[in-house]
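The values are calculated or read from the model by the stated rules, or taken from the named source; none is laboratory data. Here the structure is a predicted model, which is why all the values come from computation and not from measurement. Cβ coordinates were reconstructed from backbone atoms using ideal geometry, including for glycine residues, and neighbour counts include every protein chain displayed. For accessibility, only protein heavy atoms count, side chains too; no ligands or nucleic acids. Shrake-Rupley method; radii C 1.70, N 1.55, O 1.52, S 1.80 Å.
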Amino acid sequence: MGEIRDNLLRVREAIGRACERAGRRADEVRLIAVSKTVPAERILEAVEAGCEDFGENYVQEAEAKIAHIGQRGRWHLIGHLQRNKAARAAALFDMVQSVDSDRLAERLNGAAGEAGLRLPVLIEVNAFGEESKTGVPEPQLRALVERVRSLEHLKLEGLMGIPPPADNEADQRRRFRDLYTLWQSLPAESRQELSMGMSADYPAAIAEGATMIRIGTAIFGARQR
Ligand SMILES: *Cc1c(COP(=O)(O)O)cnc(C)c1O
């Protein structure tokens with residue numbers, strides 16, 4: 001019990017320091033506890049320690065946990081989503097952060113429509129030309145933004161990005177700054193959230209304007225797989 005609570009305390013303190021240095025209020029940055037591979041009982045410890053937002057990578061894995069924990073958390077899908085799982089995802093998650101193609105957006109829109117809801121989404125952008133990475137390549141971002149904005153059952157709220165690790169703070173910040181600049185190019189109504197920063201680099205992401213940080217190992221410890 002104590003371990004997750006202590007980890008959360010440390011992360012919250014670091015968020016507070018990073019916000020203070022950046023002249024931001026701590027409530028401008030939402031902590032998303034990334035609970036992939038973490039069993040429901042341990043997620044409940046985080047709920048009890050005050051965590052409200054959770055990130056999961058796989059629909060199937062998340063399904064049982066969401067059934068168990070349900071409304072006590074808000075659930076964000078942060079992993080790559082296959083189109084044939086779009087309907088499940090739309091029903092289960094409060095936000096899908098990993099929209100990266102027209103066809104996926106259209107599937108999610110159809111599913112959200114059938115469920116009678118307007119689903120908050122982020123577009124995941126691959127801003128650094130990494131071939132192995134998910135996310136829409138930057139040259140196609142603008143067209144995808146327009147497409148998602150035209151779908152009536154999706155609500156585009158911003159961008160998610162995963163910059164490659166850098167070996168120094170200045171380079172790391174530059175990468176987050178590139179994401180921030182892309183985010184700034186979105187229409188104002190679709191620019192509430194910028195999801196960037198993980199356990200290894202979230203202070204730099206906060207310095208460059210993240211509104212959501214996605215933290216796994218710093219809260220739950222090293223993953224088994
Ligand atoms: C696993 C994961 C994280 C969390 O990574 P940590 O290094 O454990 O903090 C954040 N975002 C995405 C998209 C992930 O897949």
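Which loop GluC sites (Glu not before Pro) in the stretch 89-172, with loop taken from DSSP, have no more than 14 other Cβ atoms within 10 angstrom of their Cβ? Don't skip to the end; give the middle numbers.
Numbers: sites: GLU106, GLU114, GLU124, GLU130, GLU131, GLU146, GLU152, GLU157, GLU169; in loops: GLU130, GLU131, GLU152.
Filter output for the stretch 89-172: GLU130, GLU131, GLU152.
Extension gain for ASP27-GLN71 works out to 13.7 nm (0.36 nm per residue, less the C-alpha to C-alpha distance). Here ARG30 sits with roughly 80 square angstrom of accessible surface, probe radius 1.4 Å. Note that the stretch 24-73, at 37 °C in a medium of 0.692 mPa s, gets a Stokes-Einstein diffusion coefficient of 288 µm²/s from its Kirkwood radius over C-alpha pairs.
Would you compute, from DSSP H runs of 4+ residues alone, the mean residue ellipticity of the chain at 222 nm, taking -39500 (n - 2.57) per run and dividing by the full residue count, rounded to the nearest 500?
-13000 deg cm²/dmol
When the P(r) of the chain is calculated, the portion above 25 Å amounts to 37% of the C-alpha pairs. Sorted into 10 angstrom bins from 0, the C-alpha pair distances of the stretch 1-40 split as 26, 46, 23, 5 percent. Taken along the Cα-to-beta-carbon direction at a fixed 7 Å, the label points for ALA188 and GLU138 span 2.6 nm. Per residue, the convex hull spanned by the alpha carbons of the stretch 94-219 comes to 108 Å³.
Solvent-accessible surface of the chain, averaged per residue with a 1.4 angstrom probe and all protein chains in place: 48 square angstrom. The apolar share of the surface of the chain, taken as the fraction of accessible area on carbon and sulfur atoms (1.4 Å probe, ligands and nucleic acids excluded), comes to 46 percent.
Summarised as an ellipsoid, the stretch 1-130 has semi-axes of 27, 20, 13 Å, derived from the eigenvalues of the Cα gyration tensor scaled by 5 and square-rooted, with the largest first.
When SER101, SER195 are compared by accessible area of protein heavy atoms, the largest-first order is SER101, SER195, using a 1.4 Å probe.
Go ahead and run the numbers for FRET between GLU48 and ALA91, Cβ-Cβ distance against an R0 of 22 Å, rounding to 0.05.
On the way: r = 26 Å, r/R0 = 1.19.
That pair, GLU48 with ALA91, gives E of 0.25.
The percentage of C-alpha pairs in the stretch 71-151 whose separation is greater than 14 Å is 60%. Charged neighbours of THR134, selected by a Cβ distance under 12 Å, balance to -3 (K, R count +1; D, E count -1).
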